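Values quoted throughout were computed directly from the atomic coordinates according to the rules given, and no laboratory measurement underlies them. Note that the structure is predicted; figures quoted are calculated from it, not measured. Every residue, glycine as well, gets a Cβ built from its backbone with ideal geometry; the counts of neighbours run over all protein chains shown.
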Amino acid sequence: MRQRALMLAAITAVLIVASPSSFAALSRLDSGGKVRVRIAGANNGQDVRNGGVSGKGQFTATGAIADKGTVVAYRTVKGNLDTGNAVITVRNVAKGAKGTLTFLVKIVVQPATTTSGWTVTSGTRAYKGLQGGGKEYENADHTVVILAGTVSR
């Protein structure tokens, strides 16, 4: 019995020493928390309104999610942007080293105000079952998007 306990302790120690960063990343992700995702270059200026690809770029996630990779943005517009009564929906599919995440951004354009937010709609591998959401921010020409919020399992 004692020999089994020592063997189990040795195997556990080897696993922890072999990949401490991956265990730390998993524990952060499993417990959830604040996240910030920076998406650059996914809006290439095309006025896509039908759900098609509006651009391809790069993403970097920090906080509860720590990953980076490529992103493809798909854009839909319902309503009239000229009159200020429209909803823009952007589906950002981000492929990183740990899996794929899909962020759905909804931007509600009204004559006096514009509001925007995001939610996680799907994830693969390390991100399977992830939920979350928050606020969406953009620079003036929409070439850099920041998703700030929280995620959890």
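Over the stretch 77-153, what is the mean sequence separation of C-alpha contacts under 8 Å (at least six apart), divided by residue count, expressed as relative contact order in percent?
This gives 21 percent for the stretch 77-153.
Arrange the peptides 136-147, 110-121 so that the one whose residues have, on average, the most other Cβ atoms within 10 Å appears first.
The most tightly packed comes first, giving 136-147, 110-121.
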